[in-house]
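Each remark here refers to the structure printed beneath this line.
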Amino acid sequence: MDILLDEDFGEELVKQTVNPDAISNWNQFKLAYQAAKASSVPTFEGLVALNHLPHIDFLSHQREAAEEIIHQMQGRAILADEVGLGKTIEAGLVLKEYLIRGMVNKVLILTPASLVNQWVIELHEKFFIQAYAPKKNPAWKDADIMVTSIDMAKREPHQSEILSIPYDLIIIDEAHKLKNPATKNYQFVKALQKKYCLLLTATPIQNRITDIFNLVSILKPGYLGDLTTFKKEYGKKMGSIDSNLNLKKLISKVMIRNRRQDTGLADTKRLVKTEWIEFSEEEQKVYQMLEHIKGTHPSFTYLTLAKELCSSREACFLSSKQMYDKLGDPEATGPLYELISGVEQLPQHAKAKRMVELIQQTDEKFIVFTEYRASQYYLQWYLQQHGISSVPFRGGFKRGKKDWMKQLFRDHAQVMIATEAAGEGINLQFCRNMINYDLPWNPMRLEQRIGRIHRFGQDKNVQIYNFAIKNTIEEHILNLLYDKIKLFENAIGELDHILEELDIRDLGKEVEAIYSESASYGEAKIKLNNLASVISSHSEPYRRSSS
C-alpha cells in the first residue's frame, strides 16, 4: 500500500497559524475546553458523581456502598441494607456515577407498580437523571432509562422487545420477590441482557438459604456452583451463612448489608408506646360471645372474628354476615346469629376513640395502619365526624391514585389510613407519628411499616403507638410475643436471621397455628410463651454483638 504525502499541508498549517479565528474564536475555544473538562473523569478511584450532587448529604455507608459496587463488585451486587437506610439512594448514586463515566447508556429499572412514579421523580429531583415510565405503547428501544413494573415488562409484546435489548444496567427493587426460580418473573429477569445489575432488598433471605443462591445466580450465574452441590455443602437453614466462614466470604463479595446501628440513622430514635385500651361493657359482652363460636365452628373462624372485633364492628359484621349467609341454616348457626345481632348494637369502637384523642393532641401528621378495609372505611368516617382530614391508601388503588393520595397526605390531610399496601415502598419522611391500630402477627411486617417514616431523610425522632385491647387475643400477642422478644428494643433486622435458624417461615402463621391447635386460652398462652422464650434465647448473640 502506497503512502501519499500531503504536499499542501505545510502551507495550510501556516495560514491557520496566522489566522487562528478561522478554526475557532477564543470564546468558542474556552467553552469547548470547559465542557471537556466538566465531562472528564480525572481519576478512576472514588466517586466523581459526588461533585455533581452537592445538594445531597450522603451518609458514609451510602458512599462506601456505591464505591464498593463500582470498584470491587464490577457493578453486580445485592443491596440489602435494612429498611429505611437508603438503598434507592445508593442505587441512584451508582447509576449517576456510571452515566458520568460514560459506562452506561441503556438502563432498565424494574419495581413494584406502586413505586414506578416514585423512582422517576426521585431520579429526576435528586440525581438530575431523566427517566421515563412507559405508557400504552412504550418505545423500549428509544428510551435510554426506563422505569416499569415486572408485571408489565414480562407481558407480550413488551417481553420480546425488552429481551432483545442489550442493557448496560438493570436495577430491580424489592428483589426478594424473585427468590423462586420456577416463577416467570425470575426466568424473565435472568434472561435479560445486562452488563451491570443491582438487586435491592431488605430481606435477601426469607425462607431458605437457597433464596440467596437464587438471587446471586441472577447476578453471577455459577458463582456459587450448582444448586445440588450448594445445598449439600451449606445445608438448608439460614444460620449456615454465619457459621460457615467460606460461604460468608463468598456472599460478602456480591452483597452489601448495612444495619441501622452501624449508620448515622441510629441518631433518630424510635419512641414506642403501648396504648392499652379497654372494651366498653357492651363490646366485652359481644367479644365473650366468640367463646360459643369457638365450640361450634373451626378455630380459623374464631381467630378471624376475634381479630376483626378488636379492629372494628364493621370488619367483624361483614365477615360474620358472610359466614352466616354461606351456611344458610339458622338453626345450625345460632352463635353466629347472636354475634351479628350483638355487633349491630355496638357503640363507636374503643380503639377509634383513643385514636382521635391522640391525633387531637397535636397538629402533626399521623399514619394509621389497619389490617382491614372495612376498618379503613370506618376510621375515615369517624375522623371526619371529629373534623380531622384524612386520606386512604390501599392495594386496590391504581398507581396514579396512590401517588395522588401520598401528595394529598403531604400537602393537605393530617392523617393517612393505610392497609398493608403502604407497608412497602412509599416514603413518608415528612410524617413522624404512626399508630398501629391493628398489630400484625408477623413482626417483620411491622418493620416494613415503621420503615415508611423512620428512614433516610427523617431528621426527627419517630413516635410509634401500638394499640392493644385488654382481655383479648391482642393482649396475648403483645405481652407474650412482642414484649417477650423485646422486639422494639433490639434491631428487628436480625429477626429474619433468628427465624431462619429456627426454621420458621412466617411468624404470623406460626402464631395462628398455635391458637388453632390449642384447646383453650391457657394452652395457647403456654405455647406462645415457649415460642417467645426460644426466639429470645436465640437473639442473645445479636444483642451482645450490637451492645
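The numbers here are math on the coordinates, done by the rules we state, and not lab data. Predicted model, so just to flag it, every value in this text is computed and none were measured. Ideal geometry is used to build each Cβ from the backbone, glycine not excepted, and the neighbour counts take in all protein chains shown.
Miscellaneous remarks
- The gain in end-to-end length when the N180 to K470 segment is fully stretched comes to 100.3 nm, 0.36 nm per residue minus the alpha carbon separation.
- Computed from the C-beta positions of V534 and E12, the FRET efficiency with R₀ = 60 Å rounds to 0.10.
- Integer Hz, Karplus 6.51/-1.76/1.60 couplings in order for the stretch 120-134, x for Gly and Pro: 4, 5, 5, 4, 6, 6, 8, 10, 6, 10, 8, 10, 10, 9, x
- What the phi angles of the stretch 274-287 give under the Karplus curve with 6.51, -1.76 and 1.60, with θ = phi - 60°, is a coupling list of 8, 9, 7, 10, 10, 5, 5, 4, 5, 5, 5, 5, 5, 4 Hz, glycine and proline written as x.
- Of the two radii for the stretch 22-174, the radius of gyration is 1.02 times the Kirkwood radius, both from the alpha carbons; that is the Rg over Rh value.
- Relative contact order for the stretch 341-453, counting Cα pairs under 8 Å that sit 6 or more residues apart, in percent: 33
- Spin-label model, K321 to Q74: label points 7 Å out along the Cα-to-beta-carbon direction sit 6.2 nm apart.
- Over 31 Å between alpha carbons, listed pairs K106/K220; K190/K249; K96/K135; K96/K460; K253/K402: K253/K402
- Here's how it looks for G86: its modeled amide H is under 5 Å from those of F456, which are all 5 or more places away or on a different chain.
- Exposure proxy shown here: for M152, M146, the number of other Cβ atoms within 10 Å sets the order, fewest to most, as M152, M146.
- Residues I121, I426, ranked from the fewest to the most other C-beta atoms within 10 Å, line up as I121, I426.
- According to the Kirkwood relation over distinct C-alpha pairs, the hydrodynamic radius of the stretch 49-262 is 17.7 Å.
- Close amide H pairs (under 5 Å, H built 1.01 Å from N) link I469 with I277, E474, E475, residues at least 5 positions away or on another chain.
- W381/D57 FRET efficiency (R0 35 Å; Cβ-Cβ; nearest 0.05): 0.25
- Expressed in Å, the radius of gyration and Dmax of the Cα atoms of the stretch 281-344 are 10.4, 30.
- Cross-link partners of K527 among lysines (Cα-Cα below 29 Å; sequence separation of 8 or more within a chain): K236, K237, K273, K285, K294, K307, K351, K470, K484, K486, K509
- Under Karplus coefficients 6.51, -1.76 and 1.60, residue-wise ³J(HN,Hα) of the stretch 172-181 in Hz, glycine/proline x: 10, 8, 6, 5, 4, 6, 9, 5, 9, x
- For I3, I504, order by how many other beta-carbon atoms lie within 10 Å, fewest first: I3, I504
- Close amide-amide hydrogen proximity is noted between I171 and L108, I109, L110, L198, each under 5 Å apart and 5 or more residues distant or on a separate chain (H modeled in the peptide plane; Pro and chain starts excluded).
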